[in-house]
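Enquirer: Sharing a structure, written as structure tokens. Questions coming.
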Amino acid sequence: MILVSSCLLGNPARFDGQSRPCSLLTKYRNSGHFLSVCPECAGRLPIPRPPAEIQHGTGKSVWQKRCTVQDRNGLDVTAEFCQGARICALLAQKHKITAVIFKERSPSCGVHAVYDGTFSKVTLPGQGVTAAYLQQLGYKLYSEEDLTEELLQQLLADDTEK
């Protein structure tokens, strides 16, 4: 199985109740290879909810307790983000996940970049809370922006071989 951000498969799981469907992923949505997950929903955050950003750090710094995740209203949602990451890790282990495809720049799922905590659309290099946790556990991470037809075909083939 391949773990995929729910919003990339067209599910309205984002903070604003919207989705961000990735046409390449939705093309293969019914292939039986994808396990859809929203770490923030897994951490029991509602839909809709205020947007949240890691405050001047990355997912790795959240796990090191050097920064927090706060929503636009200043509410600390670090515990919910960490709980969602732990649940995703349990699902990944249970379903023998071979790869992870996550939404870039998300405070949970960002693979290469996250927003900087100022709510001004400025990004910094690094991963979201769940992405950092899963990478630490050894999972291969990709964002929707990394995907090509060839890469996805290879990930699907690798999953079939398992």
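Enquirer: Let me make sure I get this right: for the stretch 30-74, a, b and c are the square roots of the gyration tensor eigenvalues over alpha carbons, sorted descending. Under 1.5 in a/c it's rounded, otherwise prolate if a/b > b/c, else oblate. Which is it?
Expert: Judged from the Cα gyration tensor, the stretch 30-74 comes out oblate (a/c at least 1.5, b/c at or above a/b).
Enquirer: For the ranges 143-150, 11-18, what's the packing order if you count other beta-carbon atoms within 10 Å of each residue, average per peptide, and put the highest first?
Expert: The packing order, highest mean first, is 11-18, 143-150.
Enquirer: At a 1.4 Å probe radius, which order do Glu80, Glu40 fall into by accessible area, largest first?
Expert: Glu80, Glu40
Enquirer: Something else: Determine which lysines satisfy two conditions relative to Lys94: a Cα distance under 21 Å, and not lying fewer than 8 residues away in the same chain.
Expert: List returned: Lys140, Lys162.
Enquirer: Something else now. Non-local amide H neighbours of Val114 (under 5 Å, H modeled in plane, Pro and chain starts lacking H): which ones?
Expert: Result for Val114 returns Leu124, Gly126.
Enquirer: When the solvent-accessible surface of protein heavy atoms is calculated with a 1.4 angstrom probe, in what order do Ile47, Ile54 fall, highest first?
Expert: I get Ile47, Ile54, largest accessible area first.
Enquirer: Still on this structure, I have one more. Could you tell me the relative contact order of the stretch 1-134? Use alpha-carbon pairs under 8 Å, at least six residues apart, and round to a whole percent.
Expert: Here the relative contact order equals 27 percent.
Enquirer: Farthest toward the dipole's positive end in the stretch 10-162, which of Val114, Gly17, Leu147, given Cβ charges of +1 (Lys, Arg) and -1 (Asp, Glu) about the Cα centre?
Expert: Gly17
Enquirer: Around Cys38, which amide H atoms from residues at least 5 apart in sequence, or from another chain, sit under 5 Å from its own amide H, with H modelled in the peptide plane?
Expert: Ser6
Enquirer: For the chain, just the Cα atoms, rotate onto the principal axes and tell me the three extents in Å, largest first.
Expert: Principal axes ranked by extent give 44, 29, 26 Å for the Cα atoms.
Enquirer: Determine ³J(HN,Hα), in whole Hz, for all residues of the stretch 139-144 in sequence, where each value follows from phi through the Karplus function 6.51 cos²θ - 1.76 cosθ + 1.60 and θ = phi - 60°; x replaces Gly and Pro.
Expert: Residue by residue, the stretch 139-144 yields 6, 7, 10, 9, 9, 4 Hz.
The values are calculated or read from the model by the stated rules, or taken from the named source; none is laboratory data. This one's a predicted model, so the numbers in the text were calculated from it and none came from an experiment. Counting neighbours? That spans all protein chains shown, and the Cβs are built from the backbone with ideal geometry, glycine included. Protein only, heavy atoms only, side chains kept; ligands, DNA and RNA dropped before computing areas. Shrake-Rupley method; radii C 1.70, N 1.55, O 1.52, S 1.80 Å.
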